[in-house]
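Presented below is the structure to which this report refers.
The values are calculated or read from the model by the stated rules, or taken from the named source; none is laboratory data. The shown structure was predicted, so the numbers you read here are calculated from the model rather than taken from an experiment. Heads up, the Cβs are rebuilt from the backbone with ideal geometry, glycines too, and the neighbour counts pull from every protein chain shown. Ligands, DNA and RNA are stripped out before the accessible areas are found, and what is left, the full protein with its side chains, is counted by its heavy atoms. Shrake-Rupley method; radii C 1.70, N 1.55, O 1.52, S 1.80 Å.
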Amino acid sequence: MRTIEDLTVPELIERLAAEDTDTVVEAADEIGRRRATEAAPRLLELLRLTPEATIRNATALALSDMEMPEAFDSIAELLRDPSTEGHRGTLLYALDPYDCLPILELLIDLALTGGYEVRMSALGLISGIEGDIDEEIWDRVRARLEAAAATAGKERRTEVIDPLLEMFS
């Protein structure tokens, strides 16, 4: 019997349409491992359309492995989607190869409101931003952090808010 490694890219793309979640995830993982960019359009479609978090995560990671620029906007859109709440950690991880300056304010909100994995992932992406931040955005971020600091508990302040305030001082 052929293993996943023996399949051609077109065969892997075909498996992305399977009914079985494990088959789809396995195919997406292999496509990402191979960095098979010819599969990117199908992965992007699947990323945008699937309600299944496991499949969404696998496609986001595969696109991230390929560093497909088109994936950035789709992943950012999913992070804003309330239906992904509780399943955002991997989506944030998939943003690691990208410049996240365009979604700085979203990352700040996720760092302040998300669960532990989301907070830490967002914080890591924020700390990796290297571009110049527009003064208006800087002021909004600073005000948001100061407001959060006024009501946050000690753990949240120590873990997230104080390091962010230091970055934006």
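The condition of being farther than 20 Å from THR84 by Cβ, out of contact with any Leu (no Cβ under 6 Å at 6 or more places or on another chain), open to solvent by less than 20 Å² (accessible area, probe 1.4 Å) and in contact (Cβ under 8 Å) with a residue 24 or more places away in the chain holds for ALA39. I need the full set of residues from the range 141-169 which are open to solvent by 90 Å² or more (accessible area, probe 1.4 Å) and not in a helix (DSSP H, G or I), in order please. Once the filter is applied, which keeps residues that are open to solvent by 90 Å² or more (accessible area, probe 1.4 Å) and not in a helix (DSSP H, G or I), the range 141-169 yields only SER169. Among residues of the range 1-17 being assigned to a helix (DSSP H, G or I) and of a type in the set (A, V, I, L, M, F, W, C), the one that is nearest to ASP81 (Cα to Cα) is ILE13. For the structure I just gave you, tell me whether ILE108 is part of a helix (DSSP H, G or I), modelled with pLDDT of 95 or more and more than 27 Å from VAL25 (Cβ to Cβ). It is true that ILE108 is part of a helix (DSSP H, G or I), modelled with pLDDT of 95 or more and more than 27 Å from VAL25 (Cβ to Cβ).
Scanning the range 111-140 for residues that are of a type in the set (Asp, Glu), within 20 Å of the chain's Cα centre (by Cα) and not in a helix (DSSP H, G or I) yields a single hit, GLU130.
Give the residue, chosen from THR50, THR59, THR21, that is open to solvent by less than 50 Å² (accessible area, probe 1.4 Å), closer than 23 Å to PRO82 by Cβ and free of Cβ contacts under 8 Å to residues at least 12 places away in the same chain. Spell out how you get there, then give the answer.
Values: THR59 fails: free of Cβ contacts under 8 Å to residues at least 12 places away in the same chain; THR21 fails: free of Cβ contacts under 8 Å to residues at least 12 places away in the same chain.
Only one candidate qualifies: THR50.
Could you say which residue among LEU110, LEU104 is crowded, with 18+ Cβ neighbours inside 10 Å and touching a helix residue (DSSP H, G or I) at 6+ places or on another chain (Cβ under 6 Å)? Spell out how you get there, then give the answer.
Values: LEU104 fails: touching a helix residue (DSSP H, G or I) at 6+ places or on another chain (Cβ under 6 Å).
Checking each option against the conditions leaves just LEU110.
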